[in-house]
Every structure is written in structure tokens, then in C-alpha cells.
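The values are calculated or read from the model by the stated rules, or taken from the named source; none is laboratory data. Computed from a prediction, not measured in an experiment: that's the story for all the values here. Don't worry about glycine lacking a Cβ; one is built from the backbone with ideal geometry, like all the others, and counts go over all protein chains shown. Note: accessible area is taken over every heavy atom of the protein model, side chains too, but ligands, DNA and RNA are not part of it. Shrake-Rupley method; radii C 1.70, N 1.55, O 1.52, S 1.80 Å.
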Amino acid sequence: MRSIVFSIVLIPFLWLTNTAFAFEIEARASFGPDDGSVLRIISTADIRFFEPMILSYLADHPDVSIDYIVASSTNLMKAVQGGEDTFDIAISSAMDLQTKLANDGFAQPHVSEATLMLPDWAKWNDMLFAFTEEPAAIVVSKAAFAGQPIPRTRHDLIALLRRDPERFQGRVGTYDVRHSGLGYLFATQDTRASETFWRLAEVIGALGVQLYCCSSDMIDDVKSGDLLIAYNVLGSYVANRDDREEFEIIMPADFTTVMLRTALIPTSAVSPERARDFIDHMLMTSYDEDTASLADPNLPLPEGSTAVNRIEIGPGLLVFLDQLKRRAFLNEWESAILQEQ
Amino acid sequence: MITLIGGSAILAVILFLIVRGYAAQIAQNGQDSILSASVSSLLDAAVIQDGAVEVDFPYSSFSMLDTELDDRVFYAIYQDGEVLSGYEDLPAPIAKAGEQSTFQTVQYANTKIRLASANRTLIGATGRTQISVSIAQTQDALSRTLNGISQTVALFGAGFFGLIVLLSYWATSITINPLMRLATSVQKRGPQDLSPFQKQVPYEMVPLVTSLNTLMGRLDHSLTQSEDFIAEAAHRLRTPLAIVRTKAEIVARVATDDTTTKAAQEMIHAIDESSRIAGQLLDHAMVTFRLDNLAREEIDLATLATGAADRVRPLTDLKDIELLATVGPPVSIKGDVVLIQSALHNLLDNAIKYAPAEARVEIALTETDGRAILTVTDTGSGFPMAELELLADRYARGSNATHVVGSGLGLTIVQEVMAAHGGTMDITNTKTGGACVRLSFPLS
């Protein structure tokens with residue numbers, strides 16, 4: 001019965017377009033009936049990644065249709081700040097940008113039973129709500145490492161890369177932090193945790209590291225064998241793939257940076273009530289009160305480990321967004337990674 | 001009491017305001033010092049590198065500003081007044097005060113923010129440049145802290161107030177009760193009692209009681225003096241009056257013409273009245289004196305009544321008044337023989353004086369319900385009903401007695417004597433309209 005309702009009402013129709021918005025979008029999908037009341041979500045998460053959440057919401061609300069737009073974290077921020085296009089919910093993995101949006105008054109507060117249930121670290125100023133915890137992982141192909149020891153820490157990784165530079169030349173990938181908000185967040189948080197990051201950057205820079213915009217592309221390249229090692233990849237993207245068994249997701253034992261994917265309701269939201277309802281649904285679905293965690297059950301964080309370096313939402317995140325600070329960081333990053341003499 | 005409570009309410013409010021003011025200041029100081037530290041850490045990070053200003057400030061610069069209520073943070077970095085980085089529309093710092101932070105509370109982004117600013121001069125290869133940093137924070141956590149403190153302080157203030165109300169109630173009752181007792185004992189006193197108060201009173205009230213006692217003493221003294229004066233005057237008048245009377249009698253006897261005889265007799269009559277008044281005044285002075293030193297001996301009322309009747313018999317004969325003494329067996333009471341004699345004499349004297357000629361005056365003694373009842377009745381015109389209450393007052397006289405010479409002291413003396421003996425005096429009229437005075441003594 002249920003599946004019949006789904007097949008009739010929830011036929012997703014998907015198309016790509018760049019023309020309707022004042023900024024560049026990466027993907028767009030609509031769910032639910034054509035004549036339903038519309039909830040517009042702008043997000044950095046891939047459709048495939050977020051679809052289960054949308055479908056579970058629509059199952060309880062058959063009169064709602066959801067317009068889901070995927071954009072980069074920078075474009076998402078510009079869209080919310082610009083106000084030319086209105087969205088009811090903005091979901092982003094770039095915690096720093098989300099914090100800045102809330103801090104600068106672009107988000108409206110929301111307090112409900114669901115938000116009160118959340119632990120303090122998972123919300124900020126009643127405006128920003130975390131609904132997943134996602135570790136930055138090192139991803140390798142099991143096939144490529146068959147019979148060989150898999151590095152468990154950054155230290156192991158550096159040693160491995162130094163031992164066998166020819167093998168890894170041009171086959172290590174990571175985010176291009178100049179263009180990826182999430183990559184920038186991961187890298188800056190890595191430098192806060194340990195100086196190891198800079199040593200690793202020097203090493204992979206010397207190996208002619210490949211730079212990427214997105215986790216999905218890196219994972220694809222690991223699968224194809226173009227990459228042997230992908231550093232700072234969203235582990236959850238791997239865990240959600242059908243071929244996840246082909247990958248080894250390493251959460252570094254020295255420290256694992258954990259990002260919180262957050263949602264906010266822009267002040268310009270057209271149907272804020274619907275947005276609140278959707279956010280409550282997301283929080284109820286994601287938060288496991290037993291383990292007090294928002295982590296993907298397929299990708300459990302090492303419990304109670306001091307190695308888990310959860311990024312705190314707070315004014316500290318504004319530091320690396322400062323243009324002077326950003327310029328200084330990127331200079332250092334470029335000199336380590338690009339090694340252009 | 002009201003003053004105390006009102007005062008303590010004001011005190012409680014003042015206490016609340018002061019503590020809240022202090023708390024606000026302390027909380028604000030706390031926020032200011034964190035903002036100031038944050039500003040300093042930014043300024044410290046400012047360097048000139050290759051001719052350009054670099055501010056590679058630490059993560060803690062802002063993360064230290066994290067509060068329980070997730071206060072929002074704004075900042076701006078200026079180079080020689082131009083915004084280098086941060087929020088361009090942030091209100092400019094008030095003064096270029098040097099490296100010491102200055103603070104101001106301003107409106108920004110639709111909310112109240114606390115803004116800390118400081119500056120620093122950098123010296124590079126190309127010259128000097130001034131770097132200013134402003135960091136601002138909203139005040140949600142501060143307000144919450146303050147509200148919490150306010151609630152606690154308000155609670156304390158209310159408790160303080162309640163305590164004061166209780167204390168003042170207690171203190172007032174401690175003070176008021178002896179005062180009330182004193183007032184009651186003043187009220188209960190007889191009109192003659194001017195002796196000092198001996199009751200135990202709180203320390204604070206001793207001066208009051210002392211001055212009250214002094215006043216009583218002075219009053220007593222001056223009353224005694226005036227009584228003495230009256231007695232002395234009356235006494236001194238009697239001798240000349242007696243001489244004048246003798247002379248008038250001689251004149252009346254030797255006079256040959258009727259006019260002189262008549263005038264002389266009128267003189268004698270007037271002199272008699274004057275002597276009588278002087279006598280009564282003396283009587284009263286004597287009564288007053290004896291009341292203060294009341295003798296308490298066994299006396300027989302029957303003998304006294306008969307004696308009193310005998311003493312006035314010459315007067316009744318003169319006016320053709322029939323005097324009846326209906327006295328039974330002896331009735332014993334405790335008291336002052338002289339005073340009671342005086343009272344009876346006054347009563348009979350009054351009756352004879354106001355009764356018309358050929359009337360009948362009766363003195364009767366019975367014993368009823370454990371009390372000795374002595375009544376003096378006459379067949380005259382009686383007391384005016386409307387004035388019965390007033391008649392015992394000193395110098396008061398019945399309105400129908402204006403044609404009779406009198407001092408108005410008679411009934412007063414009787415009244416005082418009765419009160420001193422624990423008895424009562426009732427003034428009524430008989431059924432036939434005559435006057436009736438009823439004395440009731442406790443038996444011994």
C-alpha cells in the first residue's frame with residue numbers, strides 16, 4: 001500500500017538548469033505533487049545523499065512538494081545573503097559560513113520540542129541546527145592496498161608516502177581549499193588540532209597532489225584507481241554508496257575532524273512554518289537520544305574517543321573567514337601544496 | 001509600625017537597586033575584559049610584512065567570546081581609519097585612546113552590542129601606520145546573568161522586607177503593650193488618686209512615667225494648696241461672721257422701729273447662710289483630708305443615723321418640719337466615723353433646707369442583700385429629673401434651688417465619702433415627687 005502511494009505521488013522528476021537563479025547551481029530536484037505547497041531547500045548535499053530525508057518527510061506530508069537545489073557552500077551563502085532568490089531552509093556542510101550567516105542576522109530563531117532535545121553543541125543561538133556529524137576521513141581502495149598495511153594515523157600516512165614516493169606520485173587527492181568551503185574548513189581545523197597537517201601538506205605537495213572540488217569526485221577517482229589515497233573526504237558519502245565495500249574508510253586515530261552539517265531558516269523564508277516543521281522532522285530523525293549522537297549509523301564515530309575533534313559552532317569559526325586571516329592561510333597552504341618556486 | 005514597614009520597603013527597594021547595579025557593573029566588567037583580551041590578541045598579531053599589514057590572529061581571539069547563550073560577535077580591523085577586514089558598517093571606535101581599550105554600548109544589527117576598541121602603531125620600512133581593532137558582542141548571556149541575579153536579589157529583598165515587618169510588629173507590640181497597660185491604669189484611677197505610678201515599664205518609657213509622676217505630684221500639691229486655702233479662708237471668715245451676727249442681734253433687740261428690726265433680721269439670715277457655706281467648705285476640706293488618710297474602724301450606722309437626726313432637730317423645729325428616723329437594730333460597717341457623720345449631716349441639712357415648711361423628712365436604715373441601705377427622703381418638690389446625673393458634681397445646684405442659698409457642695413461631699421467607702425449614692429425622686437437619696441454601704 002505504502003509503496004503504491006509512493007509510486008503515484010512521489011515520482012521524483014529531476015532536471016538541471018542554470019537559468020532560473022542569480023547564481024550557479026549544481027543540481028535541482030522536485031519531490032511531491034505538482035500543486036502542493038512548496039518548500040524550497042538550498043543545500044550543499046548531493047541529492048542522493050539527502051533524498052531519504054525528503055522522502056520520509058513527504059510520506060507524512062503528502063500535500064507538500066519540495067524544491068531541492070544543490071549549490072556550492074560559497075554560492076549558498078551568497079544566495080542567502082543576496083535575497084534575490086528566497087529559500088525556506090539552507091543546509092550546508094560549511095559550518096563557518098553557516099555560523100557567519102546566523103551571526104550576521106540572516107537566520108531566524110526557532111525553538112521547538114525537537115530543538116530543545118538537542119545537546120548544546122548541536123545548536124547555536126537557536127538559529128543553527130546540526131543534524132549530522134560527519135567525519136573527514138582518509139579513503140583508500142581496498143583493492144589497491146590488498147595485502148599491504150593500511151595507515152591508521154597521519155603519521156603512518158606520512159611515513160608511507162615518504163617510503164614509496166614513486167608509487168604515490170600524482171595519486172594522492174584532497175580538497176582545493178581555495179574553492180571548496182568544506183575543504184577550507186577541514187584544513188583550517190586540522191591546523192588547529194596539530195602541526196602534523198603542515199608536514200603532511202609538504203609531503204603530498206611534493207608528490208604532486210591532485211586537487212578536487214568535491215568529495216564525490218575524489219571517491220570516484222579512488223574507485224577508478226586514479227587515486228590511491230584521498231585525504232579529508234566526507235566519510236558519509238562513501239558509507240552511502242552501494243559500492244561502499246570497495247573502500248576502506250579510515251578515521252585517523254591521532255585525531256578525526258568531525259563536521260556538523262547544519263540547517264538554518266533564512267530570514268527571507270517564504271514559508272517559515274513549513275521550514276520549522278521540516279527541521280523538526282530532520283532533527284527527530286537524525287538525533288539518536290540513546291547514543292547522544294548525530295553520526296551516521298553506517299559510520300559510527302569511535303565512541304568517547306579523545307581523537308574525535310568535533311568542530312564547535314561558535315564565534316571561533318569566524319576567525320578563518322576573516323579576509324586577512326584567509327589570505328595568510330592560503331599563502332601558507334599554497335606554498336606547501338603547490339610548491340611553486 | 002507603618003513608618004517602619006514603609007521604611008523597610010524603601011530600604012528593600014534601595015538594596016535591590018544597589019545590588020543589581022553592582023551586579024550589572026561586575027557582569028559588564030567581565031564582558032569588557034574578555035572583549036579587551038580579544039582586541040589585544042588581534043592587535044598583537046598585526047605585523048607589517050613586505051609593506052602590507054598582516055593580522056594572523058589566533059583562533060582563540062574569537063572562540064574566547066563563546067558564551068552559554070551563543071552571543072553574536074562582530075569585529076572590524078582598521079588601518080589608519082580605513083576598514084581592512086571585518087564588518088565595514090560596524091560603528092567606528094569613539095576615540096583613539098591608545099592601546100588601552102575603550103568601551104561603548106551601541107545599537108547594531110537591530111540589537112544592543114558592547115563594543116571594545118583599541119589601537120596600535122606599527123612601524124614599517126615605509127613609515128608608521130595605525131591599526132585599530134573593534135570587537136563587539138551582543139549581550140544575551142549578560143542579560144540572562146543579570147536577570148538571574150535580579151531575581152535572586154529581589155527574593156532576598158522580599159525576604160528582608162518580610163523579616164522587617166515581623167520584627168517591627170514584634171518590637172512595636174513590645175513597646176506598645178506596657179504603654180497600653182500604663183494608659184489603662186491611668187484610666188482606671190479614681191478622680192482623687194494622684195499617687196505616683198509604680199508599674200514596671202520598659203527602660204525607654206521611664207522618662208515618660210517619671211515626668212507623668214512629677215506632673216501628678218505637682219497637681220496633687222496645688223490641689224492640696226487650694227483646698228487648704230479654701231479651708232483657711234472659711235475658717236477665718238467664721239469668727240468675724242459670728243461677731244457680725246452678735247452685733248446684728250443686739251441691733252435687732254434694741255431697735256425701736258420696725259424697719260431697723262426687719263433689716264437686722266435679714267442681716268442675721270444672710271449671715272447664717274454665709275456661716276453655713278463656710279462650714280460646708282470646711283467640711284469638704286476636712287473630708288478631702290480624711291479621704292487621703294481613711295480610717296477603717298467598725299461603726300454602727302444605726303447610732304450614727306440617730307445621732308445625725310438629733311443634731312439637725314433644732315433646725316427642723318424651726319421650720320416645722322417633721323423628722324422621722326426609722327432605724328432598726330445596729331448595722332455594722334467599716335469606715336471613717338467623722339466622714340460618714342459629715343455625709344449624713346449634709347444629706348439631712350440639704351433635705352431640710354430645700355423642703356418647704358411643714359414637710360416631712362425621713363431617714364431610714366435597712367439591711368438588704370448583704371448591704372446596708374440608708375435612705376433620706378422628703379416630701380418636697382424633688383430633684384429636677386433632667387439634672388440627676390450632674391447633681392453630685394462640685395458646686396452644681398439644682399435649677400429649682402436658685403431661691404435657696406447654697407454652696408452646691410453637699411452632695412459632692414456625700415459622693416466622695418461613699419466612693420471612699422466602696423459604696424454608692426443614688427439620687428432619685430419618690431413616687432410622690434419628693435427627693436430621695438439612697439446610700440448603699442458594703443457590710444463589714
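Taking packing as the residue-averaged number of other Cβ atoms within 10 angstrom, the listed peptides B:78-86, B:359-367 run from highest to lowest as B:359-367, B:78-86. Calculated FRET efficiency, B:Ala270 and B:Leu208, Cβ-Cβ r, R0 56 Å, to nearest 0.05? Working from the Cβ atoms, E equals 0.60.
Sort B:Phe103, A:Phe21 by accessible area with a 1.4 Å probe, largest first.
Most to least solvent-accessible, the answer reads B:Phe103, A:Phe21.
In this structure the amide hydrogen of A:Thr256, modeled in the peptide plane, comes within under 5 Å of the amide hydrogens of A:Val308, A:Asn309, none closer than 5 places in sequence on its chain.
With contributions of -39500 (n - 2.57) from each DSSP H run of at least four residues, the per-residue ellipticity at 222 nm computed over chain A stands at -11000 deg cm²/dmol.
Looking only at B:Gly434, B:Gly410, B:Gly21, which one moves most when chain B is put into a Gaussian network model with springs between Cα atoms under 10 Å? Top of the fluctuation ranking is B:Gly21.
Of the residues B:Ser168, A:Ile47, B:Tyr59, the one whose Cα sits farthest toward the positive end of the charge dipole of the protein assembly as shown, with +1 on the Cβ of Lys and Arg and -1 on the Cβ of Asp and Glu, is B:Ser168. Relative to the longest principal axis of the Cα atoms of chain B, the long axis of helix B:337-354 makes an angle of roughly 70 degrees. Mean per-residue shielding of peptide B:52-62 is 5, counting Cβ atoms of other chains within 10 Å of each Cβ. Taking amide H positions as modeled 1.01 Å from N, with prolines and chain starts lacking one, the residues under 5 Å from A:Tyr175 and 5 or more places away or on another chain are A:Tyr212. Highest mean packing first, where packing is the average number of other Cβ atoms within 10 Å per residue, the peptides A:207-214, B:208-215 line up as A:207-214, B:208-215. For the pair B:Thr424 and B:Glu249, label points projected 7 Å from Cα toward Cβ lie 4.5 nm apart. Could you work out the percent of alpha carbon pairs in the protein assembly as shown separated by over 45 Å, rounded to a whole number? I get 57 percent for the Cα pairs in the protein assembly as shown exceeding 45 Å. Heavy atoms of chains B and A lose about 2000 Å² of accessible surface on contact, summed over both sides with a 1.4 Å probe. Each Lys and Arg contributes +1 and each Asp and Glu -1, all at the Cβ; summed about the Cα centre of chain A, the dipole is approximately 780 debye. Build a GNM of chain A with springs between Cα atoms under 10 Å apart, and of A:Ala201, A:Ala143, A:Ala275 the one that fluctuates most is A:Ala143.
Projecting the Cα atoms of B:Thr256, B:Thr288, B:Val338 onto the charge dipole of the range B:228-361, computed from C-beta unit charges around the Cα centre, puts B:Thr256 farthest toward the positive end.
Which FRET efficiency, nearest 0.05, do A:Phe21 and B:Val83 yield, Cβ-Cβ r, R0 45 Å? Let's see the in-between values first.
Numbers: r = 30 Å, r/R0 = 0.67.
With R0 = 45 Å, the Cβ-Cβ based efficiency is 0.90.
Pull out a ≥ b ≥ c, the square roots of the eigenvalues of the alpha-carbon gyration tensor of chain B, then state rounded if a/c is under 1.5, prolate if not and a/b is larger than b/c, and oblate in the remaining case. In terms of gyration-tensor shape, prolate. Placing R0 at 22 angstrom, the Cβ-Cβ distance between B:Leu69 and B:Ala109 gives a FRET efficiency of 0.85 after rounding to 0.05. With a 1.4 Å probe rolled over the protein heavy atoms of all chains, the accessible area of A:Arg40, B:Arg313 falls in the order B:Arg313, A:Arg40, largest first. Label sites at B:Asn293 and A:Leu116, each approximated as a point 7 angstrom past Cα along Cα to Cβ, lie 9.3 nm apart. Put a plus charge on the Cβ of each Lys and Arg, a minus charge on the Cβ of each Asp and Glu, and nothing anywhere else: the dipole of the range A:150-280 about its Cα centre is then about 360 debye. Peptide B:71-79 shows a mean partner chain C-beta count of 4 within 10 Å per residue C-beta. For the pair the range A:209-259 / the range B:346-378, the C-alpha centres are spaced 136 Å from each other.
Using a probe of 1.4 Å on the protein chains alone, the accessible area found for B:Thr256 is around 130 Å². Rolled with a 1.4 Å probe across the full set of protein chains, the surface gives A:Arg171 an accessible area near 80 Å². Charge dipole (Cα centre; +1 on Lys/Arg Cβ, -1 on Asp/Glu Cβ; no other charges) of the protein assembly as shown amounts to roughly 3200 debye. Dividing the radius of gyration of the alpha carbons in chain A by their Kirkwood radius gives 0.97 for Rg/Rh.
Remark on A:Ser112: its backbone amide H falls under 5 Å from none of the residues 5 or more positions apart or on other chains, H modelled at 1.01 Å from N. Of the three principal axes defined by the Cα atoms of the range B:26-104, the extents in descending order read 41, 27, 23 Å. I'd like the orientation of helix A:47-60 relative to chain A: the angle between its Cα long axis and the longest Cα principal axis, in ° from 0 to 90, rounded to 10. The answer is roughly 30 degrees. Between the range A:308-341 and the range B:46-109, the C-alpha centres lie 18 angstrom from each other.
Karplus-derived 3J(HN,Hα) values for the range A:210-218, using 6.51 cos²θ - 1.76 cosθ + 1.60 with θ = phi - 60°, are 8, 10, 10, 8, 9, 4, 4, 5, 5 Hz; glycine and proline are entered as x. Excluding ligands, DNA and RNA, the accessible surface per residue across the protein assembly as shown is 49 Å² with a 1.4 Å probe.
Per-residue mean of other chain beta-carbon atoms within 10 angstrom of the beta-carbon, peptide B:84-92? Please list the in-between numbers first.
Working: counts 3, 7, 5, 2, 0, 0, 0, 0, 0.
Partner Cβ neighbours, averaged per residue: 2.
For the pair the range B:273-336 / the range B:221-252, the C-alpha centres are spaced 21 Å from each other.
Among A:Glu51, B:Glu322, what's the order by accessible area (1.4 angstrom probe), most exposed first? Kindly include the intermediate steps, with their values, before the conclusion.
Details: A:Glu51 55, B:Glu322 95 Å².
Ranked list, largest accessible area first: B:Glu322, A:Glu51.
Give me the extension gain from B:Asp320 to B:Ile174: residue separation times 0.36 nm, minus the current Cα-Cα distance, reported in nm with one decimal.
Working: separation 146, 0.36 × 146 = 52.56 nm, distance 6.81 nm.
Computed gain between B:Asp320 and B:Ile174 is 45.8 nm.
Here the protein assembly as shown has 56 percent of its accessible surface on carbon and sulfur atoms, given a 1.4 Å probe and all protein chains in place. Across the range A:248-254, computed HN-Hα scalar couplings (Karplus, 6.51 cos²θ - 1.76 cosθ + 1.60, θ = phi - 60°) run 10, 9, 9, 9, x, 6, 5 Hz from first to last residue, x flagging Gly and Pro.
Computed per residue of chain B from DSSP H runs no shorter than four, each worth -39500 (n - 2.57), the mean residue ellipticity at 222 nm is -18500 deg cm²/dmol.
Which of the three applies to the range A:247-341, rounded, prolate or oblate, going by the alpha-carbon gyration tensor with a ≥ b ≥ c and a/c under 1.5 meaning rounded? Mind showing how you got there, number by number?
Numbers: a/c = 2.62, a/b = 1.30, b/c = 2.02.
Oblate, because a/c is 1.5 or more while a/b does not exceed b/c.
3J(HN,Hα) along the range B:430-444: 6, 4, 8, x, x, 6, 9, 10, 10, 9, 10, 10, x, 6, 7 Hz, from the Karplus curve 6.51 cos²θ - 1.76 cosθ + 1.60 with θ = phi - 60°, whole Hz, x for Gly and Pro.
What do you get for Rg/Rh over the range A:110-174 if you use C-alpha atoms and the Kirkwood form of Rh? If you can, show how the numbers build up before the last one.
On the way: Rg = 20.0 Å, Rh = 15.6 Å.
Over the Cα atoms of the range A:110-174, Rg/Rh equals 1.28.
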